[in-house]
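Notes to accompany the following structure.
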Amino acid sequence: MPTEEADFRHGRRWALALAALGIVLLFAVGWTPLAVGLFVTPWDKVAHVVSFGLLAGLLSQGLGRHRLAWAFLLAALVGGADELHQLQLPGRSADWLDFASDACGAAAGCTLSAMVPVWRLR
């Protein structure tokens with residue numbers, strides 16, 4: 001029978017796997033024409049905050065709440081890489097406000113993650 005510690009590690013692995021999948025999907029969908037104009041202003045900023053909040057929340061759960069700074073930094077770096085990636089794509093452009101929205105979402109995700117109990121699988 002698995003122990004509570006094994007269940008906890010299993011939950012962390014799932015959180016990291018979902019975060020990695022989210023990062024892959026972010027860049028994969030970014031290559032497609034579908035991504036151009038998907039959300040209109042100001043809803044595009046809301047989408048950035050929500051997506052990077054979810055990413056940072058998954059990362060903070062996966063890395064452990066004592067590593068919130070790393071979760072924030074990693075999510076913000078992914079946001080910056082996404083903006084730089086958009087410079088190479090036709091019809092897309094990098095935007096400082098998008099990056100700021102990514103960072104705000106990452107901060108919110110880490111904050112909320114610190115406030116909720118750690119996932120426990122039962």
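Every read-out reported here was derived from the displayed coordinates using simple, explicitly stated rules and does not represent laboratory data. Predicted model only: the values in this text are computed from it and were never measured. Because the Cβ atoms are built from the backbone with ideal geometry, glycine has one as well, and the counts that use them run over all protein chains shown.
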Helix runs (DSSP H) in the chain reaching 24 Å along axis by Cα, Kyte-Doolittle at least 1.0: 68-86
Based on Cα coordinates alone, diagonalise the gyration tensor for the chain, multiply each eigenvalue by 5, take square roots, and list the semi-axes in whole Å, largest first. 30, 15, 11
Gain in span if fully extended, H85 to L97, counting 0.36 nm per residue against the direct Cα distance: 2.8 nm
Can you list residues whose amide H is under 5 Å from A94's amide H, if they're 5+ apart or on another chain and H is modeled 1.01 Å from N? L87
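What order do you get for H48, H10, H66 when you list them from fewest to most C-beta neighbours inside 10 Å?
The order, fewest Cβ neighbours first, is H66, H10, H48.
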